[in-house]
Amino acid sequence: MRVLWLTSLRPVGISKSNDYIQNLFIKSVDQVQNADITLSLTQFDELGVFDYQERIPLKKNYINFTKDKLPKGKKYSNKIMLENALNQFLTQDYDYLVYSTADLIVPANIFLEIKKNKMLQCCFLIFPNILIKNSLLKSTFWPHYGIDLFIFRINKNNAKKLLESIQHWDQYDWGINDNFYVSVCDLLNIPIKNMYKFSSAIKFENNFSDFHEDRNWQRKSWNENKEYFKNFLQKNKLSSLFASGSYYYLIYKIFKLKDLNLKLLLSYIIFYIYFPIRFIIKKFK
């Protein structure tokens, strides 16, 4: 099966920990079984990435979108990354379009498990991730925020529909990707399959300070992207809850009884038990 894998790499040579994490990610993608993978890399003048990607032992479609084409002060755009990947998907015969961050260890068996699913079109994802923070394993089932791997089995008609729809969407820097990609499933009218009980994705929490980023930067970026996303939802006649319902709506959309095992059930229970606590904390803030 032919796979186009959409991602973007952080600057190389600035953070030893980030370089280590990205190397683990590339190695894990290279070891994915039963898949002929091509990376779709869209970069934004990131230091050291061109030379680094030349050494990656995978097929690649590499595009550098210079920062001077972005709005002032912006670093990157997931919309531009997706647009480039969709154009590549439409000109070649790929079976899957994958979006992921580059701070994961991807399960080697993911496509072996996906192949068992006979739905012609589907979105496969893994929630929750196994989180590694400060080199420590936090939990194998705790519902930390973040869906960092989306695998779309779609045909070219739906790829064209998605490409047309994002002409009504902008996205810069951090935030909204999980919400956006779950909403895409409604846009394309395809089911969602949570692969958690078959495969585990390990997520590393980056040291934001290495790249002059912090929680304030994240919040500002997320709120700006939320406004762009609301426009996308309105233009494409999708529920505003993808933006305003936050993760509680996303988890509702991906929940399927047949996907459950004991750990995943526990994860969902914990997530919704904490809802009133988070709500109260947010109100007081």
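Residues that are part of a strand (DSSP E or B), in contact with a strand residue (DSSP E or B) (Cβ under 8 Å, 6 or more places away or on another chain) and farther than 22 Å from Asp93 by Cα occur in segment 171-193; there is at least one.
Scanning segment 6-18 for residues that are outside any loop (DSSP other than H, G, I, E, B) and at pLDDT below 95 yields Lys16, Ser17, Asn18.
Yes or no, residue by residue, for (1) of a type outside the set (A, V, I, L, M); (2) closer than 25 Å to Val29 by Cα; (3) touching a residue at least 40 places away in the same chain (Cβ under 8 Å):
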| position | (1), (2), (3) |
| --- | --- |
| Lys138 | yes, yes, no |
| Ile147 | no, yes, yes |
| Tyr172 | yes, no, yes |
| Leu187 | no, no, yes |
| Tyr196 | yes, yes, yes |
| Arg215 | yes, no, no |
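Just give me the residues in segment 123-161 being closer than 18 Å to Tyr272 by Cα, not in a strand (DSSP E or B) and not hydrophobic (A, V, I, L, M, F, W, C), in sequence order. Across segment 123-161, the qualifying residues are Pro128, Asn129, Thr140, Pro143, His144, Tyr145, Gly146.
Take the conditions (1) touching a residue at least 60 places away in the same chain (Cβ under 8 Å); (2) surrounded by 15 or more Cβ atoms within 10 Å (Cβ to Cβ); (3) out of contact with any Phe, Trp or Tyr (no Cβ under 8 Å at 6 or more places or on another chain); (4) under 21 Å from Arg2 (Cα atoms); Phe204 misses just one of them, which is (4).
Within segment 250-271, residues that are over 15 Å from Tyr145 (Cα atoms) reach partners that are at pLDDT 95 or above and among the polar types (S, T, N, Q) with beta carbons closer than 6 Å, at six or more positions or on different chains, in the pairs Asp259/Asn194.
Kindly indicate whether Lys69 is surrounded by fewer than 20 Cβ atoms within 10 Å (Cβ to Cβ), touching a strand residue (DSSP E or B) at 6+ places or on another chain (Cβ under 6 Å) and among the basic types (Lys, Arg). Criteria not met by Lys69. Taken over segment 1-12, residues that are out of contact with any helix residue (DSSP H, G or I) (no Cβ under 7 Å at 6 or more places or on another chain) and either among the charged types (D, E, K, R) or surrounded by fewer than 17 Cβ atoms within 10 Å (Cβ to Cβ) (or both) amount to 1.
Among strands (runs of 3 or more DSSP E) entirely within segment 29-109, having at least 3 residues that are free of Cβ contacts under 8 Å to residues at least 60 places away in the same chain and closer than 26 Å to Ile132 by Cα singles out 36-43. Among residues of segment 97-148 being aromatic (Phe, Trp, Tyr) and surrounded by 20 or more Cβ atoms within 10 Å (Cβ to Cβ), the one that is nearest to Lys161 (Cα to Cα) is Tyr99.
The values are calculated or read from the model by the stated rules, or taken from the named source; none is laboratory data. Just so you know, these numbers come straight off a predicted model, no measurement behind them. Neighbour counts are summed over all protein chains in view; Cβ atoms, including those assigned to glycine, are modelled from backbone coordinates with ideal geometry.
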